[in-house]
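See structure below.
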């Protein structure tokens, strides 16, 4: 609750949260106290191909297909399930629909096919890359997720080419570029210099040891030339 309120005090009033009782209850309590915080969610189609209307209770700005699932479906040749998600979000929920992914080829495909995506959520690192592809590139496979430095430019090039709004995430490589204030600033500066005017960035923050909210917002304002 305090985190949400601290964000809203400095003008951050859009949040991406997971579908679980704790954050959903927090949102309801916030709204009861007069908050204007606006959420959005990631999701997929139900196993029977339907789409639940439960999230409409929380008035999401948009609904985005979950990135890990997007990558997996494309890899399995089942990408039309992602397309069906977009259409059903529009038809059943009546709100904007998007696609999240870690593999930029998913966005290229959706654009080439003229899918009805209103926006994209783009990871700067292809952390769902199959192990066989990593081995082909490196000759070995790392333990855990792979964060290759060349992935960032690959995705940012796609973001720049796409006319639709893109929400860029993993700017700090899931904490790998957050060892110092200088590295945080450099990562944000680089990303802000490469995205379009109608794009945005998603930042995960844990302000327990320092004011990460103020720091991140300060860098975004400095290099994105945005107003509060």
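Within the range 140-160, if we keep just the residues that are in contact with a helix residue (DSSP H, G or I) (Cβ under 9 Å, 6 or more places away or on another chain) and either crowded, with 17+ Cβ neighbours inside 10 Å or under 16 Å from residue 115 (Cα atoms) (or both), the residue that is modelled with the lowest pLDDT turns out to be 146. Here residue 167 passes the criteria (1) touching a residue at least 24 places away in the same chain (Cβ under 8 Å); (2) surrounded by fewer than 20 Cβ atoms within 10 Å (Cβ to Cβ); (3) not in a helix (DSSP H, G or I) except the one numbered (2).
Could you tell me whether the range 21-38 includes any residue that is touching a helix residue (DSSP H, G or I) at 6+ places or on another chain (Cβ under 9 Å), surrounded by 13 or more Cβ atoms within 10 Å (Cβ to Cβ), assigned to a loop (DSSP other than H, G, I, E, B) and at pLDDT below 95? No, the conditions are met nowhere in the range 21-38. For the residues 100, 47, the requirement of being assigned to a strand (DSSP E or B) and either under 25 Å from residue 13 (Cα atoms) or without any contact (Cβ under 8 Å) to a residue 12 or more places away in the chain (or both) singles out 100.
Among the residues of this structure, residue 134 does not count as one that is touching a strand residue (DSSP E or B) at 6+ places or on another chain (Cβ under 8 Å) and outside any loop (DSSP other than H, G, I, E, B). Contact map, the range 61-79: first residue within 14 Å of residue 43 (Cα to Cα), second residue part of a helix (DSSP H, G or I) and modelled with pLDDT of 95 or more, Cβ cut-off under 6 Å, separation 6 or more or different chains; pairs are 63/89; 65/82; 65/85; 70/82; 70/106; 73/81; 73/82.
The values are calculated or read from the model by the stated rules, or taken from the named source; none is laboratory data. Computed from a predicted model, the values in this text were never measured in an experiment. All Cβ positions, even for glycine, are placed from backbone atoms using ideal geometry, and neighbour counts span all protein chains on display.
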